[in-house]
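I have placed the structure first, in the form of structure tokens, so that the comments after it can refer back to it.
The values are calculated or read from the model by the stated rules, or taken from the named source; none is laboratory data. Please read all numbers here as calculations on a predicted model, not as lab measurements. Cβ: placed from backbone, ideal geometry, glycine included. Neighbour counts: every protein chain shown. Accessible surface is based on the protein model in full, side chains and every heavy atom, while ligands, DNA and RNA are left aside. Shrake-Rupley method; radii C 1.70, N 1.55, O 1.52, S 1.80 Å.
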Amino acid sequence: MTISNKTEETLLIKEVVKQVQAGDTHAYTEIIRCFQKQIYLYCYYLLGNKEEAEDASQDVFIKGLENIRQFSYSVSFSAWLYKIAHHHCIDLLKKKNKGFRFWTGFKKEQMVEQAYDSHHYEDSIHQLLEKLNVDEKRILLLRSIDEYSFDEIASIMDLKPTTVRKKYERLRKKLLKEKKQGRGYYERSIKTEG
């Protein structure tokens with residue numbers, strides 16, 4: 001997406017948010033259309049299950065609609081929505097009492113469902129995520145895939161921006177060390193600039 005397209009989409013979202021806050025709940029479908037795929041992927045990579053991610057992303061949009069009147073532009077609307085997704089997925093993981101070891105067995109499930117050769121890149125992503133703790137996964141997903149700033153990630157995760165920056169830098173070093181040891185294809189997943 002080009003910068004002007006991104007700016008146009010941001011302006012569109014601001015207008016839609018105003019409409020929904022004024023009581024036009026039908027306008028919320030535009031928000032769902034704009035963010036459905038990203039929120040689903042975020043939930044999927046945190047939860048590790050397609051059906052749970054579908055249910056979770058629906059719940060996130062419902063919570064977003066229910067709380068949209070409290071939204072203000074102290075952060076971007078997408079960061080606000082991701083914060084809802086973040087907390088919702090963490091609550092789901094806690095309820096399942098998985099102790100944040102939710103990636104155990106996930107790769108095996110993927111291998112059974114799909115042929116290995118056609119999903120080599122997807123498998124390497126899952127191998128990468130299996131080696132990370134829950135904070136590292138969230139930071140990597142928000143920074144590298146959704147390209148959020150450290151300030152936005154800090155807001156989503158309820159951390160200080162300097163803490164996020166330090167965790168991200170440690171994560172980069174960890175992944176680069178893995179790459180040097182010949183264990184992965186992770187270079188494309190790491191943004192190098194701040």
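Return the carbon/sulfur percentage of the accessible area of the stretch 1-93, one whole number, probe 1.4 Å, all protein chains in place.
Values: 2650 of 5010 Å².
Summing carbon and sulfur atoms, their accessible area is 53 percent of the total for the stretch 1-93.
Based on Cα contacts under 8 Å between residues 6+ apart, the stretch 32-102 shows a relative contact order of 33 percent. With a sphere of radius 12 Å drawn around the Cβ of Gln58, what net charge do the other residues whose Cβ falls strictly inside it have (Lys, Arg +1; Asp, Glu -1)? Overall, the nearby charge balance is -4. All other residues whose Cβ lies under 13 angstrom from that of Ala154 are scored, Lys and Arg at +1 and Asp and Glu at -1, for a net of +3.
Accessible surface for Glu66 stands near 130 Å², nearest 10, in the context of the full protein assembly shown (1.4 Å probe).
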